[in-house]
Amino acid sequence: MSIKILLAEDHDSNRAVLKRRLERKGYAVVDAENGAVAVERFKEQAPDIVLLDISMPVMDGLEAQRIMRDASANPAIRYVALTAHAMAEMRAQCEAAGFDAFLTKPIEFDDLIEVIERLCGANADAAA
Amino acid sequence: MRLRFVDELFVYTVLSVGRLAVREGELSVFKRDTLLRRLLLSYSALSLFLLGVLVLGLWCLIWPNFTRIEKEESLRRVEAASRIVHAEAARVTELANTYAVWDEAYRYMGGGNPKFPAENFSASALAQIDIDAVVLQNGAGKILFAYDSAGGKTGLTDLERSISTAPGLRLAADEDAKSGLMIGDGQVFFASTRRIVHTDGTGPSNGSIVFLRRIDSDVMARISALANVELKLRLDPAAPARADHIRGSARLEDVFGRPVIRVDILGQKEIADLGAVSLLVFLAFVVLAWCGTGVALALFLGRDVVGPVFALRDHVAARQSGATSHFHKTRSPEEVRALAQTFDATFSQLEAEMARHRDLVNEAQSARAAAETANAAKTRFLANMSHELRTPLSSIKSYAELLRDVAEEDGRTQDVADVGEIITASRHLLGLVNSILDLSKVEAGKMTLDYSSVDLGELARNVATLVTPLAEENADTLIVQVADAPSCVTDEQKLRQCLLNLAANAIKFTSNGEVRISVAPMTRNGADWFCLEVQDTGIGISAEAMQRLFKPFSQADETTTRKFGGTGLGLALTKQLIEAMGGYVEMESVEGAGSTFRLAAPCAPAGAAPALLGEAA
């Protein structure tokens with residue numbers, strides 16, 4: 001069964017290209033254009049991993065992640081923060097909030113795949 | 001209203017002393033090291049010195065004169081008294097002479113006129129010539145006649161007999177007369193003996209006559225009156241004449257030539273005493289005068305020196321506190337007024353200068369504020385622009401990568417290469433934008449460091465791995481040297497960025513050469529530091545270009561940007577980052593022979609927690 005990814009990103013073309021590239025890699029991708037929509041999709045779709053842009057309109061990534069974590073009893077769900085370039089303080093904030101990984105934008109696609117595989121791939125399952 | 005001088009002085013003194021006391025919270029200006037005290041102390045010292053000189057002068061020069069005059073005067077009086085005593089004695093001798101060289105006396109002694117003594121030596125006759133006793137002796141020493149006025153009897157008292165027959169008065173064969181003082185039973189006599197001869201001096205002598213005159217208080221009174229001194233006879237001349245009332249003494253010899261009698265001249269030593277009193281009074285006046293002068297000096301100094309100095313101080317204080325003060329209205333001496341004038345001029349100059357300075361500072365401050373505002377705006381603009389540029393750039397790159405993947409799948413190699421160019425260009429552009437963003441963050445002070453324990457050897461090798469493709473492209477040999485690489489607590493990501501910049505730069509400007517990355521520990525100001533060095537054998541940098549090497553947007557040669565690529569921001573950012581970490585970057589270069597860039601920073605951040613350091617170790 002393929003890994004289901006929830007991708008929350010406010011920039012349309014970035015979201016679209018990322019979704020397409022992930023789908024090309026064989027992942028199931030659900031996308032959302034802000035935190036509020038992402039929370040809705042989260043409840044509907046029960047993803048394995050959530051990629052959250054931190055700065056989004058309507059509801060930001062941190063808030064959305066908190067709601068998701070409260071709403072779901074499944075501890076296997078992984079959260080990855082996508083933030084603007086090199087904000088050290090943001091990184092610490094994300095780690096404190098319980099994100100499993102942290103990537104700075106612009107995202108190198110290979111790095112993203114590596115993170116997803118590490119958190120949700122066959123090896124990760126074996127480790128869990 | 002003009003006061004009389006003395007009143008004015010008094011009022012001034014009271015006022016000034018009062019002012020001083022109030023001003024200084026102290027009752028006396030003499031307790032402190034004041035101008036007045038100094039002057040008066042100097043004056044006192046000078047006065048004491050002069051007084052000493054004066055006393056010394058009086059003692060050594062004037063006083064001896066008084067004592068000398070006194071002594072001379074005493075001597076003169078003693079001499080006068082002695083002279084008178086001798087004159088008295090001479091008169092007795094003269095009387096004896098008169099009676100001895102007389103034919104009737106001669107005849108009487110030869111046995112003529114037995115009434116002669118009674119006629120001539122009657123009590124009244126002897127009283128007239130003031131003779132107390134008369135003795136007539138013949139040549140054999142037999143007393144033919146004797147008379148003593150004491151009691152008016154004929155015949156001598158034992159005392160008078162003993163004197164008149166004393167060996168001192170006995171005439172030798174060749175002697176005609178003898179006279180002098182004689183003592184007997186505590187009384188003094190003038191005694192005179194004379195050989196009785198014929199009036200014409202012919203024929204043998206016929207015995208001798210002795211006249212005695214007792215020196216009683218009447219005689220002494222007469223002598224005193226004549227000598228104009230008070231006299232006293234003493235029979236023990238050896239006794240010291242110490243009594244204060246004795247001014248001088250003369251020793252008199254008796255007929256035996258023995259010094260048996262002393263004449264003391266009584267009375268105070270008038271001249272010396274008067275002199276001493278005069279000198280003391282004079283000294284007292286001098287001391288009083290000096291004290292008076294001292295007080296007057298204090299008052300004058302208070303009025304004319306200390307007062308004006310305080311007035312000047314008040315004036316200066318007033319000017320300092322910004323109050324208006326007009327010193328020329330005070331009654332101060334010209335010098336102090338001149339000083340005040342000079343001060344006023346200086347103060348005005350200073351005020352003008354300060355006003356100018358204030359204006360300049362204000363100007364500079366506003367200019368600086370404007371510059372800071374402008375710079376902040378620039379930084380904000382750069383940050384915003386970078387952020388806004390990055391999102392679409394990110395999209396371009398992502399889509400290009402997607403296209404490349406698709407082209408690869410479809411086996412369209414030309415498309416893969418073309419899209420690869422888009423990817424390379426967008427990567428470059430992203431790098432540029434990121435550098436601008438980093439730099440603006442550092443400039444805005446918004447850069448935060450993310451400290452962790454870093455293995456510098458691993459970091460160097462990691463960077464080498466990253467730049468290996470570049471080095472291969474330029475046919476450069478890449479060497480990593482790790483000498484006892486210290487483990488440090490620092491911002492790994494930013495340090496890597498710095499080293500990467502330097503390594504990439506070195507390779508970029510070196511072809512068919514060698515690039516060496518080395519790590520070494522160092523010590524600076526007693527603290528542990530690390531040193532990362534990148535050495536190349538590339539084209540080097542001219543001394544002139546080195547000056548602006550670390551400034552943003554300044555590659556050594558502007559043509560290099562076109563020739564070698566690069567943003568021109570790498571070194572500026574490296575410098576800013578390493579300085580944010582508390583370190584520095586430096587370089588050496590020989591144009592055409594290569595360059596060495598060196599990064600150095602502390603192994604632990606300033607004020608790092610010991611736990612963190614322990615972890616690092």
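The values are calculated or read from the model by the stated rules, or taken from the named source; none is laboratory data. This is a predicted model, so every value here is computed, not measured. Neighbour counts are summed over all protein chains in view; Cβ atoms, including those assigned to glycine, are modelled from backbone coordinates with ideal geometry.
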Worksheet item: Is it the case that some residue within the stretch B:419-436 is of a type outside the set (Ser, Thr, Tyr) and farther than 30 Å from residue B:381 by Cα?
Response: yes
Response to the item:
Those residues of the stretch B:464-486 which are surrounded by fewer than 12 Cβ atoms within 10 Å (Cβ to Cβ), out of contact with any strand residue (DSSP E or B) (no Cβ under 8 Å at 6 or more places or on another chain) and within 23 Å of residue B:520 (Cα to Cα) amount to B:465
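Condition first: in contact with a Ser or Thr (Cβ under 9 Å, 6 or more places away or on another chain), crowded, with 17+ Cβ neighbours inside 10 Å and among the hydroxyl-bearing types (Ser, Thr, Tyr). Can you find one or more residues in the stretch B:94-102 that meet it?
Scanning the stretch B:94-102 turns up no residue that is in contact with a Ser or Thr (Cβ under 9 Å, 6 or more places away or on another chain), crowded, with 17+ Cβ neighbours inside 10 Å and among the hydroxyl-bearing types (Ser, Thr, Tyr).
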Worksheet item: Within the bounds of the stretch B:325-338, is there any residue that is out of contact with any Gly (no Cβ under 9 Å at 6 or more places or on another chain), surrounded by 11 or more Cβ atoms within 10 Å (Cβ to Cβ) and closer than 30 Å to residue B:54 by Cβ?
Response: no
Practice prompt. Among the numbered conditions (1) at pLDDT 75 or above; (2) under 60 Å from the mean Cα position of the chain (by Cα); (3) surrounded by 19 or more Cβ atoms within 10 Å (Cβ to Cβ), tell me where residue B:247 comes up short.
Written response: (1)
Fill in: Close pairs (6 angstrom Cβ cut-off, 6 or more residues apart or separate chains): among the acidic types (Asp, Glu) in the stretch B:504-520, not in a helix (DSSP H, G or I) anywhere
B:514/B:477; B:514/B:537
Worksheet item: Does any residue of the stretch B:363-375 turn out to be assigned to a loop (DSSP other than H, G, I, E, B), at pLDDT below 85 and surrounded by 12 or more Cβ atoms within 10 Å (Cβ to Cβ)?
Response: no
Item to complete: Collect the residues in the stretch B:464-493 that are away from chain A (no Cβ under 14 Å), of a type in the set (Asp, Glu) and not in a loop (DSSP other than H, G, I, E, B), keeping them in residue-number order.
Response: B:472, B:473
Worksheet item: Counting only residues that are within 17 Å of residue B:88 (Cβ to Cβ) and in contact with a Pro (Cβ under 6 Å, 6 or more places away or on another chain), how many does the stretch B:140-199 have?
Response: 0
Worksheet, complete the sentence: Note on the stretch B:406-463: residues surrounded by fewer than 17 Cβ atoms within 10 Å (Cβ to Cβ), within 13 Å of chain A (Cβ to nearest Cβ) and not in a helix (DSSP H, G or I) are B:446, B:448, B:449, B:450, B:452
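Results for (1) among the β-branched types (Val, Ile, Thr); (2) surrounded by 20 or more Cβ atoms within 10 Å (Cβ to Cβ); (3) more than 14 Å from chain B (Cβ to nearest Cβ); (4) touching a Cys at 6+ places or on another chain (Cβ under 8 Å), shown as yes or no for each residue.
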{"residue": "A:18", "(1), (2), (3), (4)": "no, yes, no, no"}
{"residue": "A:32", "(1), (2), (3), (4)": "no, yes, yes, no"}
{"residue": "A:35", "(1), (2), (3), (4)": "no, yes, yes, no"}
{"residue": "A:45", "(1), (2), (3), (4)": "no, no, yes, no"}
{"residue": "A:55", "(1), (2), (3), (4)": "no, no, no, no"}
{"residue": "A:75", "(1), (2), (3), (4)": "no, no, yes, no"}
Worksheet item: Among the residues of the stretch B:190-202 satisfying the criterion of being outside any strand (DSSP E or B) and closer than 13 Å to residue B:109 by Cα, which is farthest from the chain's Cα centre (by Cα)?
Response: B:198
Fill in: Cβ pairs under 7 Å, 6+ apart, first in the stretch B:120-137 and free of Cβ contacts under 8 Å to residues at least 24 places away in the same chain, second among the aliphatic types (A, V, I, L, M)
B:126/B:134
